[in-house]
1. Could you compute how fast the range 18-309 diffuses translationally, taking Rh as the Kirkwood radius over C-alpha pairs and applying Stokes-Einstein at 25 °C with viscosity 0.890 mPa s? Give it in µm² per second.
2. For the range 126-199, compute Rg over Rh where Rg is the Cα radius of gyration and Rh is the Kirkwood radius from the inverse mean 1/r over Cα pairs.
3. Quote the charge dipole size of the chain about the Cα centre in Debye, to the nearest 20; the model charges only the Cβ of Lys and Arg (+1) and of Asp and Glu (-1).
4. Mind checking the range 130-207 for trypsin sites (Lys or Arg not before Pro) that DSSP puts in a loop (not H, G, I, E or B) and that have at most 15 other Cβ atoms within 10 Å?
5. Considering the alpha-carbon set of the range 1-159 alone, what are its Rg and its Dmax in angstrom?
6. Sorted from fewest to most neighbouring beta carbons within 10 Å, what does the list Val292, Val95, Val133, Val220 look like?
7. Which Cα, out of Gln178, Asn9, Asn227, lies furthest along the positive dipole direction of the chain (beta carbon charges, K/R +1, D/E -1)?
8. How much length is gained if the chain between Met273 and Gln49 is pulled fully straight, taking 0.36 nm per residue apart and subtracting their Cα-Cα distance, in nm to one decimal?
Amino acid sequence: MKDLKFVFNDKTIEHGDKTRICGIVNVTPDSFSDGGKWNNIDAALKHSQELIDQGASILDIGGESTRPGSTYVEIEKEIERVVPVVEAIKKEMDVAISVDTWKADVAKAAIEAGADIINDITGFLGDHKMADVVADSKAGAIVMFNPVIARPEHKSAKIFPKFGNNDVFNKEEYKKMQDMPILDLMDFYFKKSLELAKKAGIEDQRIMLDPGIGFGLTKVENLKLINNVERIYDLGYTIFLGVSRKRFIVNMLNDININMDENTEEGFRNRDMGSAVLSSIASYKDVEVVRVHSIEEHKMAIEIAHNLKIADSLEDVDFGAYKNK
């Protein structure tokens, strides 16, 4: 994996570095776990500073919920939500900013406001202008595999909103994708996304790939993608992974009678603890960035996994309680 890195503006994330934490700042009224909490500039700034203080090195700003059952947000409204927050954070804080949008006009406005990364959950397939907008800047791009677009009639996809035009695959390609094993489907989707990126002139090192956990997938498919996430390295790209508070985690732990009720303090905390276990696994697998809601649990999980991974190079410590007296 020589020279595997993610380069954006004046920043670089090297493969093999400790996994970085990307904190989520949803400036929306209806995101699935924190809608309405940070949807004004003062609240967003306060939350952003808290995330940075706790250990986030990237912030992901989102102005449109993409949860199941969510509705389309008009471009101007999304810009109104996102751009002032990006500008305010850039003015007051030294942190990389990602903007979670699949709309080219929103991305362009965000980049002009100071965004470093565009996090496109359609992988350039939702808006035909998106790849060109990124190409015309020095920003990085997170390109996500979106099973909702690949398999719109799948039972796990029907509850999601439609993302963009979704007309880049021809009829034969769509037919072929419906019965593909999930890992092959991810590869097939990324091939199309990366063709668009190459055509626009986006360098490989400005692209991170996201396996799209939680988007129109079954429980087993989510687990297979995480278990085989290193497959993305074989494609020659770094990895961005978002598993925080996803429904399949809740489903797994409900099955063994762990309280996952988001309306209780214990249940909400358990969602973050379960998510952090996957961040630990991701860190052990060398995933470059994890996208999370709560920093503390993930920071601890990543630190432990990182120390396990580099154990052979660590300086040893004698614990005082174990020394012979």
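No lab work stands behind these numbers, since they all come straight from the coordinates. From a predicted model like this one, the values you see are computed outputs, not experimental measurements. Methodologically, a virtual Cβ is constructed for each residue, glycine included, from the backbone with ideal geometry; neighbour enumeration extends over all protein chains shown.
1. Estimated via Stokes-Einstein, D reaches 129 µm²/s.
2. 0.98
3. 720
4. Here the trypsin sites (Lys or Arg not before Pro) that fit, given the DSSP loop and packing criteria, are Lys138, Lys155, Lys158, Lys162.
5. Spelled out, the Cα radius of gyration and Dmax of the range 1-159 are 15.5, 45 Å.
6. Going from sparsest to densest Cβ surroundings: Val220, Val95, Val133, Val292.
7. Gln178
8. Extending this stretch completely gives an extra 78.4 nm.
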